[in-house]
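Trainee: The structure under discussion is supplied below as structure tokens; questions concerning it will follow.
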Amino acid sequence: MTQPAAIALQRAAELRQSLGTNFRDEAVRSIYGEAARIAARATVTANSVRAGLDQRIDRIVTSPVFGLPIMAIMLGTIFWVTITGANVPSALLADGFFWFEDVAAGAFARWGVPWWITGFIWHGVYKGLAWVISVMLPPMAIFFPMFTILEDLGYLPRVAFNLDFLFKSAGAHGKQALTMAMGFGCNAAGIIATRVINSPRERLIAILTNNFVPCNGRFPTLIMLATVFVGASFSPGFASLAAAGTVLLVVLIGVVFTLAVSWALSRTILRGEASAFTLELPPYRRPGVMRILYTSLIDRTLFVLWRAMLTAAPAGAVIWILANIYVGGTSLAQHTANYLNPLGHAIGLDGVILLAYIIAIPANEIVVPTMLMVYLGTGMMTELDSMDDLRTLLVDKNGWTLLTAVNLMLFSLLHNPCATTILTIYKETLSKKWATIGALLPLGLAFITCFLVAVIWRAIA
Amino acid sequence: MSHNCETCASFSELARMGVNLGKFDRVVALAGNPNTGKSTLFNALTGLKQHTGNWPGKTVTRAEGGFEFNKVRYKLVDLPGTYSLLSASSDEEIARDFLLFGTPDVTVVVIDATAIERNLNLVLQVLEITSRVVVAVNLMDEAARKGMEIDLRSLSRDLGVPAVGIVARTGEGLQGLLTTVDGVASGEIKTQPLRVAGTPEFQRAVAELVPLIQEAAPGVPNARWIAIRLLDGDAEVESALTSGRLADLVSGQQKNAERFSQKIALQGAQ
């Protein structure tokens, strides 16, 4: 300690003694008192109509009876609109991209370009990109504007208000509901948003559990599975409704896991009580159209899509190489998948799915395309023109059952966060320990949950 | 509804410069309670697209952008919202550290016209540490809709610093705000900030500590605030002073102030 610093500290201690105990309370009181006086002089209030309307709305959307059901209905509606709206544009994009793949590959062949260059570029890198864009762009372009409207309207703090009692009883911070909502867009963004939580203990809980809300990279997987396996067993009129209900159910399971893991953490390694906090419920504001479009399409959709494309291109290349290097008559991809098969089977999945998850560690967006590319192999460049083709490929050719679909949804919901998110956890906590726990805790839970579901399912069926 | 103000006459002197800060003459910080419209004002002045949303806590990092007004180049720093300078969550720390140690030329405290009393607590705390303050009373349209009338002259007189009414979403009042910021920065507008905290003994104790602190941490801005925190027995400030972390913090904030930040291009994507 430097000499002048010691002198200053000592003098401060002496002066503190001489001032008595409540001088600072006095100071705070005088600030509050003065603020009240100045505000009273500066404000003239007449009777208001609008504040009354806000209050009436709040009485319904934050009521103990209607609050949670209204939230669930809104979320379900958003999913339903996303699923129904994205179907057609997704198919159109896929048709267009894959048509071009054939044309370009054909042209390369005519020009005498070696088959492996054509394959690597068009059936590897390009195909990976095409999949990601056609599967992800339409749902995001529909989901994000709706989410941003709710955000601009002022609904998010009401969500936090409604869920507060649940988080409190789990020993976590009520603002975790806000960071959870941000996680819908991107878990890395959700983890940065946890800065609003004061207590380090509760902030860590929010960071470690943010992964249990499916981010936008994982939504397409959930939507696809819900459409192909659940929606398809209903009549066409109800198919999209059933699919939306399934996605909603998966999200609710995620919330249950968030609360359960928060509860467990706050009673073990992050012991403590939930702290009190104030949260303003801002007035409802009319969302600005241009701002919504900018935020949802440029900031969110294109940002997420760009990131997905950056990882999809190299992943497509890796898959193509793995699928085209043969050792003993079998491709490397197939070797790895066979090796992983026993583990995959034990948790109700298969080796190809696990291989896809390993390749997709940089970004969750590419799980489905990876999986499909390995299933399709290289010899048969079957185009998947419709969901029916997809069903045929998965069920008839690769032995998927309803259990596979259910467990894949659960695995997708619970498994380790993507590399970007893990890196964000490290940056925010500056601790390798918490980053490791943030990666392994969800992964372990995913394995255990899927294993238990598989065991029970097989015992019953 | 909002009109495009880039073409209207009153805005002829404002040039939005985005992240192209280049050289700047003055640094202006945007402080205020959460959800009072700091980021909206930031976007209106710089032409940037910081993420805005109707909920407290949207901004968790510091964003920087530039604008030119009356041939003077400004760097504008958008800070996370905070209710108090004493708070401890890490987004609020970012705001507090910059206000205390980043030495902005002018601090604009953005307050919510519909909740003046609560917002004034922060204003009074900011006045404790700096006199170059402009109070921007935002959301004047909402206050009017709620049937509230705000007496800006009474507010200015009581606080001893200028108070300007604005509607950041539509750009209303920004001309007046910038003229006032210019006046305070150049010294044309003299401020006499209201300092309410404490008894005469308390003020004497603060005055006695200030030179001791300046000796312990040479060049530290806001020795006054540190003195108050030491009298309060703030362990964090005590250890910052003894370990030399305070000096690092000051130089860190000032280094940041000199760096032409491109960070926003990344942060905007959150």
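Trainee: In a helix (DSSP H, G or I), within 12 Å of chain B (Cβ to nearest Cβ), under 22 Å from the mean Cα position of the chain (by Cα) and not polar (S, T, N, Q): which single residue out of A:LEU297, A:LEU310 fits that description?
Mentor: Details: A:LEU310 fails: within 12 Å of chain B (Cβ to nearest Cβ).
None of the others qualify; the one that does is A:LEU297.
Trainee: Still on this model: Could you check segment B:235-270 and list, in sequence order, the residues that are surrounded by 15 or more Cβ atoms within 10 Å (Cβ to Cβ), modelled with pLDDT of 75 or more and more than 7 Å from chain A (Cβ to nearest Cβ)?
Mentor: B:VAL237, B:ALA240
Here is a yes/no grid of residues against (1) of a type in the set (D, E, K, R); (2) part of a helix (DSSP H, G or I); (3) within 14 Å of another protein chain (Cβ to nearest Cβ):
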position	(1), (2), (3)
A:LYS127	yes, yes, no
A:ALA130	no, yes, no
A:ALA141	no, yes, no
A:THR148	no, yes, yes
A:ASP152	yes, yes, yes
A:ALA160	no, yes, yes
A:THR179	no, yes, yes
A:ILE191	no, yes, yes
A:ASN198	no, no, yes
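Trainee: Now a separate question. Which residues, taken from segment A:139-181, are under 17 Å from the mean Cα position of the chain (by Cα) and closer than 16 Å to A:TYR294 by Cα?
Mentor: Once the filter is applied, which keeps residues that are under 17 Å from the mean Cα position of the chain (by Cα) and closer than 16 Å to A:TYR294 by Cα, segment A:139-181 yields A:MET140, A:ALA141, A:ILE142, A:PHE143, A:PHE144, A:PRO145, A:MET146, A:PHE147, A:THR148, A:GLU151.
Trainee: Based on what the data block shows, is A:GLY52 at pLDDT below 85 and loosely packed, with under 14 Cβ neighbours inside 10 Å? Break it down into steps so the answer makes sense when it comes.
Mentor: On the way: at pLDDT below 85: yes; loosely packed, with under 14 Cβ neighbours inside 10 Å: yes.
Yes: the conditions hold for A:GLY52.
Trainee: What helices (runs of 4 or more DSSP H) completely inside segment A:379-434 contain at least 3 residues that are under 22 Å from A:LEU208 (Cα atoms) and at pLDDT 90 or above?
Mentor: On the way: elements: A:387-391, A:402-414, A:419-429.
Helices (runs of 4 or more DSSP H) meeting the threshold: A:402-414, A:419-429.
Trainee: For segment B:154-168, name all the residues that are touching a residue at least 24 places away in the same chain (Cβ under 8 Å), surrounded by fewer than 22 Cβ atoms within 10 Å (Cβ to Cβ) and within 9 Å of chain A (Cβ to nearest Cβ).
Mentor: Within segment B:154-168, just B:ASP158 meets the criteria.
Trainee: Let me ask another. Tell me, which residue of segment B:27-74 that is buried (at least 24 other Cβ atoms within 10 Å of the Cβ) and among the aromatic types (Phe, Trp, Tyr) is farthest from A:ARG291 (Cα to Cα)?
Mentor: Of everything passing the filter in segment B:27-74, B:TYR74 is farthest from A:ARG291 (Cα to Cα).
Trainee: Let me ask you something else. Where the second residue is surrounded by fewer than 16 Cβ atoms within 10 Å (Cβ to Cβ) and of a type in the set (A, V, I, L, M, F, W, C) and the first is over 20 Å from A:ARG29 (Cβ atoms) and in the same structural domain as B:VAL237 (by TED's automatic domain parsing) and lies in segment B:198-218, which pairs have Cβ atoms under 9 Å and are six or more apart or on separate chains?
Mentor: Hits for this filter: B:LEU212/A:ILE7; B:GLU215/A:ILE7; B:ALA216/A:ALA6; B:ALA216/A:ILE7.
Trainee: Of the conditions (1) closer than 25 Å to A:THR330 by Cα; (2) in a helix (DSSP H, G or I); (3) modelled with pLDDT under 90, A:GLU365 clears all except one; give me its number.
Mentor: The single condition A:GLU365 does not satisfy is (1).
Trainee: Further question on the same structure: Only residues that are touching a residue at least 60 places away in the same chain (Cβ under 8 Å) and either surrounded by 24 or more Cβ atoms within 10 Å (Cβ to Cβ) or not in a loop (DSSP other than H, G, I, E, B) (or both): list them for segment B:85-101, please.
Mentor: Across segment B:85-101, the qualifying residues are B:ALA95, B:ASP97, B:PHE98, B:LEU99, B:LEU100, B:PHE101.
Trainee: Also, quick follow-up: Got at least one residue in segment A:206-219 being at pLDDT below 90, among the hydrophobic types (A, V, I, L, M, F, W, C) and either at negative phi or assigned to a helix (DSSP H, G or I) (or both)? Full working, then the answer.
Mentor: Going through segment A:206-219, the residues at pLDDT below 90 turn out to be A:215-219.
If we keep only those that are among the hydrophobic types (A, V, I, L, M, F, W, C) too, we end up with A:215, A:219.
Those left that are additionally either at negative phi or assigned to a helix (DSSP H, G or I) (or both): A:215, A:219.
Scanning segment A:206-219 turns up at least one residue that is at pLDDT below 90, among the hydrophobic types (A, V, I, L, M, F, W, C) and either at negative phi or assigned to a helix (DSSP H, G or I) (or both).
Trainee: Name every residue in segment A:271-290 that is of a type in the set (S, T, N, Q) and without any contact (Cβ under 8 Å) to a residue 24 or more places away in the chain, in order of residue number.
Mentor: We begin by selecting, within segment A:271-290, every residue of a type in the set (S, T, N, Q); these are A:275, A:278.
Residue satisfying the conditions is A:THR278 alone.
Trainee: Separate question: Can you name every residue in segment A:259-294 that is polar (S, T, N, Q) and more than 14 Å from chain B (Cβ to nearest Cβ)? Let's see the steps before the verdict.
Mentor: In the first step, residues of segment A:259-294 are kept if they are polar (S, T, N, Q); the result is A:262, A:266, A:268, A:275, A:278.
Once the filter is applied, which keeps residues that are polar (S, T, N, Q) and more than 14 Å from chain B (Cβ to nearest Cβ), segment A:259-294 yields A:SER262, A:SER266, A:THR268.
Trainee: Across segment B:111-122, which residue is surrounded by the fewest Cβ atoms within 10 Å (Cβ to Cβ) among those that are among the hydrophobic types (A, V, I, L, M, F, W, C) and within 8 Å of another protein chain (Cβ to nearest Cβ)?
Mentor: It comes out as B:ILE116.
Trainee: Within segment A:310-320, which residues are crowded, with 19+ Cβ neighbours inside 10 Å and of a type in the set (A, V, I, L, M, F, W, C)?
Mentor: Result: A:ALA312, A:ALA315, A:ILE319, A:TRP320.
Trainee: Given A:ASP54, A:ASP102, A:ASP58, which one is in a helix (DSSP H, G or I), among the acidic types (Asp, Glu) and under 27 Å from A:ALA315 (Cα atoms)? Full working, then the answer.
Mentor: Working: A:ASP54 fails: under 27 Å from A:ALA315 (Cα atoms); A:ASP58 fails: under 27 Å from A:ALA315 (Cα atoms).
Result: A:ASP102 is the single residue among A:ASP54, A:ASP102, A:ASP58 that is in a helix (DSSP H, G or I), among the acidic types (Asp, Glu) and under 27 Å from A:ALA315 (Cα atoms).
Trainee: Could you look through segment B:3-16, keep only residues that are assigned to a loop (DSSP other than H, G, I, E, B) and of a type outside the set (S, T, N, Q), and pick out the one that is modelled with the highest pLDDT?
Mentor: Here is the first cut: in segment B:3-16, the ones assigned to a loop (DSSP other than H, G, I, E, B) are B:3-8, B:12-13.
Remaining after also requiring of a type outside the set (S, T, N, Q): B:3, B:5-6, B:8, B:13.
Numbers: B:HIS3: 46, B:CYS5: 49, B:GLU6: 48, B:CYS8: 49, B:GLU13: 71.
Among them, the one singled out is B:GLU13.
Trainee: Same structure, new question: Does segment A:176-195 include one or more residues that are under 30 Å from A:SER90 (Cβ atoms) and modelled with pLDDT of 95 or more?
Mentor: No, segment A:176-195 has no match at all.
For every residue, the table says whether it meets (1) at pLDDT 90 or above; (2) away from every other protein chain (no Cβ under 11 Å).
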position	(1), (2)
B:ASN43	yes, no
B:LEU99	no, yes
B:VAL109	yes, yes
B:GLN125	no, no
B:ILE129	no, yes
B:VAL135	yes, no
B:ASP141	yes, no
B:LEU152	yes, no
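Trainee: If you check B:VAL77, B:VAL60, B:VAL19, B:VAL28, which single one turns out to be at pLDDT below 90 and more than 14 Å from chain A (Cβ to nearest Cβ)?
Mentor: On the way: B:VAL77 fails: at pLDDT below 90; B:VAL60 fails: more than 14 Å from chain A (Cβ to nearest Cβ); B:VAL28 fails: at pLDDT below 90.
After ruling out the rest, the residue left standing is B:VAL19.
The values are calculated or read from the model by the stated rules, or taken from the named source; none is laboratory data. Note that this is a predicted model, so its numbers are computed, not measured. Heads up, the Cβs are rebuilt from the backbone with ideal geometry, glycines too, and the neighbour counts pull from every protein chain shown.
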